[in-house]
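Chemist: Take this structure first; my questions come after.
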Amino acid sequence: MSLPLDLRPSPEAERLIRLIGSARVDLSTEAAAQRGLARLFEADGLGHQAEVSLSAADRIDFLVGRVGVEVKIGQPRRQILRQLERYAGSDRLDELLLVSSAPFPSGGFRAHGKPVFIVSLSTGWM
């Protein structure tokens, strides 16, 4: 991943990006992908929380330390980006990973000043 120097993942996020990017996760549904990631995290010994409330209306799929992990299969990109923008406003997160099978530009961006990185679930199947 070639990113600007000011947009580099923390060691914890980098570990997650590599782990998730190399995994073969069931992509048939979002719930199946979430179950696959939970098993992956457990097998790797990663302490994580699932379905973590960030606000009264927002709940992220996983929290690994201060890295939020959101899985998206089949939603419109605009809807996903709005959701990530809301999540990035939470003081519980320092970084976000969007884990998706949908085509997104590789790399990352900032939302509320926090880095957001894209992780493709399709890579592990290649």
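The values are calculated or read from the model by the stated rules, or taken from the named source; none is laboratory data. This is a predicted model, so every value here is computed, not measured. Methodologically, a virtual Cβ is constructed for each residue, glycine included, from the backbone with ideal geometry; neighbour enumeration extends over all protein chains shown.
Chemist: Taking the criterion of being under 24 Å from residue 110 (Cα atoms), hydroxyl-bearing (Ser, Thr, Tyr) and either touching a Lys or Arg at 6+ places or on another chain (Cβ under 8 Å) or loosely packed, with under 15 Cβ neighbours inside 10 Å (or both), would at least one residue in the range 2-16 satisfy it?
Modeler: yes
Chemist: Let me ask something else about it. Does residue 88 qualify as being touching a Gly at 6+ places or on another chain (Cβ under 9 Å) and either modelled with pLDDT of 95 or more or among the aliphatic types (A, V, I, L, M) (or both)?
Modeler: Values: touching a Gly at 6+ places or on another chain (Cβ under 9 Å): yes; either modelled with pLDDT of 95 or more or among the aliphatic types (A, V, I, L, M) (or both): yes.
Taking the combined requirement at face value, the residue satisfies it.
Chemist: Exactly one of (1) among the charged types (D, E, K, R); (2) closer than 19 Å to residue 18 by Cβ; (3) surrounded by fewer than 17 Cβ atoms within 10 Å (Cβ to Cβ) is unmet by residue 70. Its number?
Modeler: (3)
Chemist: Quick check: is even one residue across the range 22-42 part of a loop (DSSP other than H, G, I, E, B), modelled with pLDDT of 95 or more and charged (D, E, K, R)?
Modeler: Keep residues of the range 22-42 that are part of a loop (DSSP other than H, G, I, E, B), which gives 22-29.
Pick out the ones that are also modelled with pLDDT of 95 or more and you get none.
Within the range 22-42 (the criterion being part of a loop (DSSP other than H, G, I, E, B), modelled with pLDDT of 95 or more and charged (D, E, K, R)), the answer is no, since none of the residues qualifies.
Chemist: Inspect all residues belonging to the range 28-36 and state whether any of them is surrounded by 13 or more Cβ atoms within 10 Å (Cβ to Cβ) and on the phi > 0 side of the Ramachandran plot.
Modeler: no
Chemist: Out of 109, 117, 62, I need the residue that is in contact (Cβ under 8 Å) with a residue 40 or more places away in the chain, aromatic (Phe, Trp, Tyr) and surrounded by 19 or more Cβ atoms within 10 Å (Cβ to Cβ). Which one?
Modeler: Details: 109 fails: surrounded by 19 or more Cβ atoms within 10 Å (Cβ to Cβ); 62 fails: in contact (Cβ under 8 Å) with a residue 40 or more places away in the chain.
Sole residue among the options that is in contact (Cβ under 8 Å) with a residue 40 or more places away in the chain, aromatic (Phe, Trp, Tyr) and surrounded by 19 or more Cβ atoms within 10 Å (Cβ to Cβ): 117.
Chemist: Related question: Could you list, in sequence order, the residues of the range 51-82 that are in a helix (DSSP H, G or I) and in contact with a strand residue (DSSP E or B) (Cβ under 7 Å, 6 or more places away or on another chain)?
Modeler: Residue satisfying the conditions is 80 alone.
Chemist: Would you check which residues across the range 82-106 are free of Cβ contacts under 8 Å to residues at least 12 places away in the same chain and within 22 Å of residue 10 (Cβ to Cβ) and list them?
Modeler: 91
Chemist: Ok, one more. Checking residue 50 against (1) in contact with a Phe, Trp or Tyr (Cβ under 7 Å, 6 or more places away or on another chain); (2) crowded, with 18+ Cβ neighbours inside 10 Å: exactly one of these is not met. Which one?
Modeler: Single failed check for residue 50: (2).
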